[in-house]
Every structure is written in C-alpha cells, then in structure tokens.
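The values are calculated or read from the model by the stated rules, or taken from the named source; none is laboratory data. None of these values were measured; they are calculated from a predicted model. Neighbour counts are summed over all protein chains in view; Cβ atoms, including those assigned to glycine, are modelled from backbone coordinates with ideal geometry.
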Amino acid sequence: MSHDASLELEMAVRRAFGRDAGRGTLLVANADYIDMGFGFAALTGAIAPFYVYASPEEQADISEFLQRYTELNGGRSKDHADLIRQAAKDLDKLIQKLKK
C-alpha cells in the first residue's frame, strides 16, 4: 500500500530532524504531504541541515542521494511506493553516516 510507504518516509524524515525539530518540520514530515507528490521535498528538507555543515565529500554524497530520488518530485506515492520505501531506508543510512 502506498500510504504505508509514505509513513515509512515520514518516520525517516522525523528521525533525521530529531527531537529538537521545530514545528515547521511537521509540514514535510507528513505522510499525507508525501502522498500528494512531495516526497522529494521531504527528503530535501530532512537533509538540508546536514548539507550546510557537511564536508565537500559529504556534500557530494548528499547530492548523489538526492539525484537518485528526483523522480519523487511531484510523483504520486501510489506510483512510487517501492522508490519511497527505498528512499526512507537510504535516508536513515545517510543520516547515520553524517552524524558520526
């Protein structure tokens, strides 16, 4: 089910933002928002704070990560459930790597 995939991405985005995230993060960390075709925006919002302080090598990793998921820009979740699930897994892995 596509909404389940969107929920997986929502949770990954929330984990990326962490406990101290402001209320504005609730917009992009929302499965309904992702369902409407804003999965790429959710990924971008989650990774942006890390990009700012990343080394050039880490910025390259982030750019490569985002390139893999540009198809989620405007793509309905029902058409991209598998890609959304993979994005959630890859986001978790990338965030863990960047937090070290």
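Which residue, of 93, 89, 99, 78, is surrounded by fewer than 16 Cβ atoms within 10 Å (Cβ to Cβ) and touching a Ser or Thr at 6+ places or on another chain (Cβ under 7 Å)?
Working: 93 fails: touching a Ser or Thr at 6+ places or on another chain (Cβ under 7 Å); 89 fails: touching a Ser or Thr at 6+ places or on another chain (Cβ under 7 Å); 99 fails: touching a Ser or Thr at 6+ places or on another chain (Cβ under 7 Å).
The match here is 78.
The set of residues from the stretch 71-92 being more than 12 Å from residue 6 (Cβ to Cβ) and within 11 Å of the chain's Cα centre (by Cα) comprises 86, 89, 90, 91, 92.
The helices (runs of 4 or more DSSP H) found entirely in the stretch 1-83 that carry 3 or more residues being at pLDDT 95 or above and under 20 Å from residue 97 (Cα atoms) are 2-17, 39-52, 56-68.
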